[in-house]
Amino acid sequence: HAAYVIFGTSRIAADPFSQRPRLRLLIHDVLPVEPGEIKSSDARHISWKTDRFVRLLAQAAREGRQVGIAHSHPEGPPAFSPQ
């Protein structure tokens, strides 16, 4: 399945270990893609309507947050995909 992940951000001017700037993402909410939004899915893929995604992007921009997408690979490789 898939979900939208709403992140807050924390910017660190100098990481105590590397002394380099860092961006940390902090999860604020996980919003599953609703069954009615799914266009097609099987054990290897999922595709859904993006209307809510566009609304979430606009809301996140107003609130200073970021939107990510999480999805599973139930019968796919046990590793991250190139995407």
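The values are calculated or read from the model by the stated rules, or taken from the named source; none is laboratory data. Please read these numbers as outputs of a predicted model, since none were measured by experiment. Positions of Cβ are generated from backbone atoms using ideal geometry, with glycine treated the same way; all protein chains shown enter the neighbour counts. For the accessible areas, the whole protein counts, side chains as well, though only heavy atoms, and no ligand, DNA or RNA atoms are used. Shrake-Rupley method; radii C 1.70, N 1.55, O 1.52, S 1.80 Å.
Taking N as the number of residues in the chain, what is its alpha-carbon radius of gyration divided by 2.2 N^0.38 Å? Don't skip to the answer; put the middle values down first.
Working: Rg = 15.8 Å, N = 83, 2.2 N^0.38 = 11.8 Å.
Taking the Cα Rg and dividing by 2.2 N^0.38 Å, one obtains 1.34.
Per the helix-only calculation at 222 nm, which mean residue ellipticity applies to the chain, given -39500 (n - 2.57) for every DSSP H run of n ≥ 4 and division by its residues, nearest 500 deg cm²/dmol?
Rounded to the nearest 500, the figure is -5000 deg cm²/dmol.
Please report, as a whole percent, how much of the solvent-accessible surface of the chain comes from carbon and sulfur atoms (probe radius 1.4 Å).
Here it works out to 55 percent.
Which of the listed residues, 40, 1, 66, is farthest toward the dipole's positive end in the chain, when Lys, Arg count +1 and Asp, Glu count -1 at the beta-carbon?
66
So, with +1 on the Cβ of K and R and -1 on the Cβ of D and E, and no other charges, what is the size of the charge dipole of the chain about its Cα centre, to the nearest 20 debye?
Values: 11 positive and 8 negative charges, 79 e Å.
For this selection, approximately 380 debye.
Excluding ligands and nucleic acids, what accessible area in Å² is computed for residue 7 using a 1.4 Å probe, to the nearest 10?
About 40 Å², rounded to the nearest 10.
In what sequence, largest accessible area first, do 51, 29 appear using a 1.4 Å probe?
Reading off the accessible areas and sorting them downward yields 51, 29.
Starting from the residue with the highest accessible area, list 37, 75 in decreasing order, probe 1.4 Å. Could the numbers behind the result be given before it?
Working: 37 25, 75 125 Å².
Largest to smallest exposure gives the sequence 75, 37.
What residues have an amide H closer than 5 Å to that of residue 33, excluding those fewer than 5 places away on the same chain, when H is modeled at 1.01 Å from N in the peptide plane?
Long-range HN contacts for residue 33: 2, 3, 4.
What list of ³J(HN,Hα) values in whole Hz, one per residue of segment 41-51 in order, does the Karplus curve 6.51 cos²θ - 1.76 cosθ + 1.60 (θ = phi - 60°) give from phi, with Gly and Pro shown as x?
Coupling constants for segment 41-51: 6, 8, 5, 10, 7, 8, 9, 9, 5, 10, 4 Hz.
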